[in-house]
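Report on one structure; see the data block that follows.
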Protein chains: 2
Amino acid sequence: MSKYVAFGKITSHPGQRDALAQILLEAADLMKAYEGCELYIVGTVDDDPDSVWVTEIFKDAEAHKASLALESVQEIIQRGRPLIVGGEQIKLNPLGGKGL
Amino acid sequence: MSKYVAFGKITSHPGQRDALAQILLEAADLMKAYEGCELYIVGTVDDDPDSVWVTEIFKDAEAHKASLALESVQEIIQRGRPLIVGGEQIKLNPLGGKGL
């Protein structure tokens, strides 16, 4: 099974981006201790004041799915949900490269 | 200076995606020996038969800029250019996370 590589754009209600980013940074902290997660970067882009982007690499799709089932992650998702109006995810089929 | 984190969508002429991906995988091989590059993943997405995506992390913007000036990279860019019709890049302002 190949690695799970994805970047997701999560759009907050106007003015809630930084609060959402803080919650996602908490998720990133959880992922630091989660062996199946190899990369989990939270960031913003200049031309979008309402969105937070998450770049993630997991050992495989199963490791990603299992991370979402963690109670600590579910708690963060519940807290973040009211801040979110929408989102989109770009799921990559990795062909190769450095850091894969 | 913060890390350079970006993902780029490079769109090929119809039917040229795999040829373009091979060229970008050569670039990824070059980046394996380039210390300033921490991640360089080449991949595709299911719903776009013409695009190749590159996910990249460099030590900083200077390391990224210097990589483009390498003769070996310039040679690859010249070879890839005829296959390319367009592209877009999402440059992230990283706030934190795992693997940063």
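Worth pointing out:
- Under the combined filter of DSSP loop state and at most 13 neighbouring Cβ atoms within 10 Å, region B:1-88 retains these GluC sites (Glu not before Pro): B:35.
- For residues of B:34-46, the mean tally of beta carbons on other chains within 10 Å: 5
- Given B:59/B:98; A:59/B:3; A:32/B:65; A:59/B:59; A:91/B:9, the pairs whose alpha carbons are separated by over 21 Å: A:59/B:3; A:32/B:65; A:59/B:59
- With label points set 7 Å from Cα along Cα→Cβ, the inter-copy distances at residue A:84 are 3.3 nm, sorted shortest first.
- Solvent exposure ordering (accessible area, 1.4 Å, most first) of B:17, A:79: A:79, B:17
- Accessible surface of chain B [probe 1.4 Å, protein heavy atoms]: carbon and sulfur percent: 53
- For the protein assembly as shown, adding -39500 (n - 2.57) for each run of n ≥ 4 DSSP H residues and dividing by the number of residues yields -11000 deg cm²/dmol at 222 nm.
- Region B:4-92: relative contact order as a whole-number percent, Cα under 8 Å and 6+ apart: 48
- Under 12 Å, Cβ to Cβ, from residue A:11 - net charge with Lys/Arg +1 and Asp/Glu -1: -1
- Annotation for the A:B interface, with buried accessible surface near 2600 Å², both sides summed [1.4 Å probe; non-protein components not counted].
- Peptide A:88-94, shielding by other chains (average Cβ, 10 Å cutoff): 5
- The other copies place their residue B:96 label points at 3.7 nm from this one, listed shortest first, where each point is 7 Å from Cα along Cα→Cβ.
- Net charge of Cβ neighbours under 12 Å - reference residue A:20; Lys, Arg +1; Asp, Glu -1: +1
- The base-10 log of I(q)/I(0) for chain A, evaluated at q = 0.16 Å⁻¹, reads -0.68 [Debye formula, identical scatterers on Cα atoms, solvent excluded].
- Exam field: residue B:33 pseudo-label spacings to other copies (7 Å along Cα-Cβ), nanometres: 4.2
- Per residue accessible area of region B:4-92, 1.4 Å probe, in Å²: 49
The values are calculated or read from the model by the stated rules, or taken from the named source; none is laboratory data. For clarity, every value in this text was computed on a predicted model and none was experimentally measured. Positions of Cβ are generated from backbone atoms using ideal geometry, with glycine treated the same way; all protein chains shown enter the neighbour counts. To get the accessible areas, we keep the full protein, side chains included, count just its heavy atoms, and leave off ligands, DNA and RNA. Shrake-Rupley method; radii C 1.70, N 1.55, O 1.52, S 1.80 Å.
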